[in-house]
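This structure is in structure tokens; I'll ask about it shortly.
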Amino acid sequence: MNLRNNQITVRELLENPKSKAVFERRFGKWMKHPLVGAAHSLTLAQLMDLAKVYIPQKVIRETLEELKGL
């Protein structure tokens with residue numbers, strides 16, 4: 001998947017069934033959080049920057065590689 005140098009938006013990722021499935025499988029409980037809707041306008045780079053406070057860097061890297069492989 002072309003992540004456009006991590007400038008793809010969360011909205012675009014969640015509108016794609018394959019990338020949405022990656023997020024749901026890896027972050028299922030977080031996907032139900034009310035702030036997910038507010039994050040739709042964020043870029044993937046912005047999301048990763050915010051997520052590093054809550055999610056281990058290894059998990060973020062693995063998710064990014066999986067998305068690139070779609």
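The values are calculated or read from the model by the stated rules, or taken from the named source; none is laboratory data. Small disclaimer: the values here were computed from a predicted structure and weren't measured. Virtual Cβ from ideal backbone geometry, glycine too; neighbours counted across all protein chains shown. In case anyone asks, the SASA skips ligands and DNA or RNA and just uses the protein heavy atoms, side chains included. Shrake-Rupley method; radii C 1.70, N 1.55, O 1.52, S 1.80 Å.
Add +1 for every Lys or Arg and -1 for every Asp or Glu among the other residues with Cβ under 12 Å from the Cβ of Pro56, and state the total.
+3
Carbon and sulfur together cover what percent of the accessible area of the chain at a 1.4 Å probe radius?
57 percent
What is the sum of charges around Leu42, taking Lys and Arg as +1, Asp and Glu as -1, for the other residues whose C-beta is under 13 Å from the C-beta of Leu42?
Here the charged neighbours net out to -1.
Follow-up. Enumerate the lysines that Lys68 could reach by cross-link, defined here as Cα to Cα under 22 Å, with residues fewer than 8 away along the same chain left out.
Leaving aside lysines fewer than 8 places away in the same chain, those within reach of Lys68 are Lys18, Lys20, Lys52, Lys58.
Here is a further query. Just need log10 I(q)/I(0) for the chain at q = 0.22, 0.25, 0.28 Å⁻¹, Debye formula, equal scatterers on the alpha-carbon atoms, no solvent, rounded to two decimals.
Each listed q maps to, in turn, -1.00, -1.39, -1.87.
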